[in-house]
Amino acid sequence: MKETILEVKDVKMHFAMKKTGNPFKPRTYLKAVDGVSLDLRKGETLGLVGESGCGKSTLGRTILQLYHATDGNITFEGTKILDHGVTKKSKKIQKDLQMIFQDPYSSLNPRMTVEEIVAEPLKTYKVLEGQALRRRVQELLEIVGMDPRYILRYPHEFSGGQCQRIGIARALALNPKIIIADEPISALDVSIQAQILNLMEELQESMGLTYIFIAHDLAAVRHISDRIAVMYLGKIVELADAETIVQKPQHPYTQALISAVPIPNPQIEKARKHIVLKGDVPSPINPPSGCAFHTRCFKKEDRCSVDTPRLENVGQEHQVSCFYPAVSKATQIL
């Protein structure tokens with residue numbers, strides 16, 4: 001087993017809602033991330049999937065300390081990130097944790113040139129200056145497949161795929177150990193998506209990077225990930241290696257997600273039995289008691305609305321948060 005580089009333990013990220021006019025009514029909280037535990041191994045890609053609003057992006061930003069966690073611990077290479085404020089030690093950790101954002105346009109300052117954008121983290125940490133700084137920026141652009149002569153251009157002069165490459169170059173500037181990619185391909189054309197995925201795999205191999213890859217697209221996540229964690233309403237409901245998640249999902253929610261992915265074979269697709277979930281996702285402000293998924297689950301029992309299942313092992317490195325896990329015959333191979 002690979003060495004653990006990052007450990008997330010019982011992390012919660014609750015956002016306080018605006019108070020009402022009633023001074024006697026207690027403040028309510030939106031429980032975006034509600035007790036997540038997972039480990040990230042050196043050199044792997046951990047895929048994080050789930051519906052919109054499940055908390056996967058919030059978890060990524062909490063790990064990076066863009067949000068200050070309500071509770072829990074995050075440990076990076078033996079150092080607890082949440083134990084201290086902005087110190088020399090925390091700034092060193094921040095150098096090792098970088099992010100690729102979802103929207104390649106809004107994540108780049110339109111008033112800054114490519115050189116200024118990519119050089120910004122190097123200037124912030126006073127790594128390089130002058131001609132050495134410019135050479136490093138040009139080198140980073142070449143690494144991500146961009147022409148180094150573009151350094152004086154602005155973001156609006158590039159396509160979405162090119163802007164995302166610039167964002168990747170900026171993330172690589174400080175030679176990080178972990179990159180959290182928050183849906184880095186969802187805003188791109190399909191052909192460009194494949195290019196960005198291939199680039200990320202090449203960079204991981206050549207630079208020894210570790211990824212947390214957040215996405216909706218299960219096919220893309222399966223392609224790039226070593227392991228996959230499935231989130232629902234702020235919690236991890238299933239965690240296993242990519243092939244196990246796709247071939248033998250055991251949580252009803254994971255089974256429904258897999259069955260919704262189209263297969264590029266008309267005969268197989270026609271014969272498939274899709275799992276259609278009824279109802280809407282509950283509000284994270286007032287989540288249901290017991291298992292959070294029981295309001296939409298096709299396998300629920302009376303116990304599910306009362307007791308909360310824990311994430312437990314059901315096989316070799318396969319964890320499921322369900323009282324009645326089982327492989328569904330309706331699931332087909334992607």
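Taking residue 92 and the conditions (1) touching a residue at least 12 places away in the same chain (Cβ under 8 Å); (2) of a type outside the set (A, V, I, L, M, F, W, C); (3) surrounded by fewer than 17 Cβ atoms within 10 Å (Cβ to Cβ), which numbered condition does it fall short on, given that it satisfies the others?
(1)
Would you check if there is a residue in the range 283-301 being under 24 Å from residue 63 (Cα atoms) and open to solvent by less than 20 Å² (accessible area, probe 1.4 Å)?
Looking through the range 283-301, at least one residue is under 24 Å from residue 63 (Cα atoms) and open to solvent by less than 20 Å² (accessible area, probe 1.4 Å).
Looking at 200, 207, which is the one that is of a type in the set (A, V, I, L, M), open to solvent by 50 Å² or more (accessible area, probe 1.4 Å) and out of contact with any Asp or Glu (no Cβ under 8 Å at 6 or more places or on another chain)?
Values: 200 fails: open to solvent by 50 Å² or more (accessible area, probe 1.4 Å).
Answer to the selection: 207.
In the range 123-174, how many residues are assigned to a helix (DSSP H, G or I) and either open to solvent by less than 40 Å² (accessible area, probe 1.4 Å) or not β-branched (Val, Ile, Thr) (or both)? I'd like the intermediate steps shown before the answer.
Of the residues in the range 123-174, the ones assigned to a helix (DSSP H, G or I) are 123-124, 130-143, 148-152, 155-157, 160-172.
Checking the rest, the ones that are also either open to solvent by less than 40 Å² (accessible area, probe 1.4 Å) or not β-branched (Val, Ile, Thr) (or both) come to 123, 130-142, 148-152, 155-157, 160-172.
Here the count works out to 35.
Which of the residues spanning the range 222-255 are over 18 Å from residue 42 (Cα atoms) and either surrounded by fewer than 22 Cβ atoms within 10 Å (Cβ to Cβ) or among the β-branched types (Val, Ile, Thr) (or both)?
Residues of the range 222-255 that are over 18 Å from residue 42 (Cα atoms), as a first pass: 222-223, 230-238, 243-255.
Correct list: 222, 223, 230, 236, 237, 243, 244, 245, 246, 247, 248, 254.
Would you mind stating whether residue 120 is open to solvent by 80 Å² or more (accessible area, probe 1.4 Å) and either within 23 Å of residue 33 (Cα to Cα) or over 26 Å from the mean Cα position of the chain (by Cα) (or both)? It would help to see each step written out before you state the result.
Values: open to solvent by 80 Å² or more (accessible area, probe 1.4 Å): yes; either within 23 Å of residue 33 (Cα to Cα) or over 26 Å from the mean Cα position of the chain (by Cα) (or both): no.
Criteria not met by residue 120.
Taking the conditions exactly as written (part of a helix (DSSP H, G or I), of a type in the set (Gly, Ala, Ser) and either at pLDDT below 95 or within 18 Å of the chain's Cα centre (by Cα) (or both)), does residue 191 satisfy them or not?
On the way: part of a helix (DSSP H, G or I): yes; of a type in the set (Gly, Ala, Ser): yes; either at pLDDT below 95 or within 18 Å of the chain's Cα centre (by Cα) (or both): yes.
Taking the combined requirement at face value, the residue satisfies it.
Mind checking which residues of the range 302-317 are within 11 Å of residue 237 (Cα to Cα) and either open to solvent by 40 Å² or more (accessible area, probe 1.4 Å) or within 22 Å of the chain's Cα centre (by Cα) (or both)? Give the steps one after another, and end with the answer.
First, pick out the residues of the range 302-317 that are within 11 Å of residue 237 (Cα to Cα): 309-312.
310, 311, 312 - these are the residues of the range 302-317 that are within 11 Å of residue 237 (Cα to Cα) and either open to solvent by 40 Å² or more (accessible area, probe 1.4 Å) or within 22 Å of the chain's Cα centre (by Cα) (or both).
Here are the criteria: (1) open to solvent by 80 Å² or more (accessible area, probe 1.4 Å); (2) of a type in the set (A, V, I, L, M); (3) touching a residue at least 40 places away in the same chain (Cβ under 8 Å). Tell me which single one residue 48 does not satisfy.
Of the numbered conditions (1) open to solvent by 80 Å² or more (accessible area, probe 1.4 Å); (2) of a type in the set (A, V, I, L, M); (3) touching a residue at least 40 places away in the same chain (Cβ under 8 Å), the odd one out for residue 48 is (1).
Of the residues 176, 155, which single one is within 22 Å of residue 38 (Cβ to Cβ) and not hydroxyl-bearing (Ser, Thr, Tyr)?
Details: 155 fails: within 22 Å of residue 38 (Cβ to Cβ).
Testing whether each residue is within 22 Å of residue 38 (Cβ to Cβ) and not hydroxyl-bearing (Ser, Thr, Tyr) leaves just 176.
Does residue 289 satisfy being at pLDDT 90 or above, more than 24 Å from the chain's Cα centre (by Cα), more than 12 Å from residue 232 (Cβ to Cβ) and part of a loop (DSSP other than H, G, I, E, B)?
Details: at pLDDT 90 or above: yes; more than 24 Å from the chain's Cα centre (by Cα): yes; more than 12 Å from residue 232 (Cβ to Cβ): yes; part of a loop (DSSP other than H, G, I, E, B): yes.
Yes: the conditions hold for residue 289.
Quickly run through the range 211-220 and pick out the residues that are surrounded by 22 or more Cβ atoms within 10 Å (Cβ to Cβ) and within 12 Å of the chain's Cα centre (by Cα).
211, 212, 213, 214, 215, listed by residue number.
Between a first residue in the range 229-244 that is over 15 Å from residue 312 (Cα atoms) and a second residue that is polar (S, T, N, Q) and assigned to a loop (DSSP other than H, G, I, E, B), which pairs have beta carbons less than 6 Å apart while being 6 or more apart in sequence or on different chains?
From the range 229-244, the pairs are 242/225.
Starting from the range 262-287, keep only residues that are on the phi > 0 side of the Ramachandran plot, then list their pairs with residues that are surrounded by 11 or more Cβ atoms within 10 Å (Cβ to Cβ) whose Cβ atoms are within a distance under 6 Å, requiring at least 6 positions of separation or different chains.
Once the first residue is on the phi > 0 side of the Ramachandran plot and sits in the range 262-287, its partners that are surrounded by 11 or more Cβ atoms within 10 Å (Cβ to Cβ) give 279/295; 279/296.
The values are calculated or read from the model by the stated rules, or taken from the named source; none is laboratory data. In this text, all values refer to a predicted model and were calculated from it rather than measured experimentally. No Cβ is skipped: glycine too gets one built from the backbone with ideal geometry, and neighbour counts run over all protein chains shown. Surface accessibility is based on the protein's heavy atoms, side chains included, excluding ligands, DNA and RNA. Shrake-Rupley method; radii C 1.70, N 1.55, O 1.52, S 1.80 Å.
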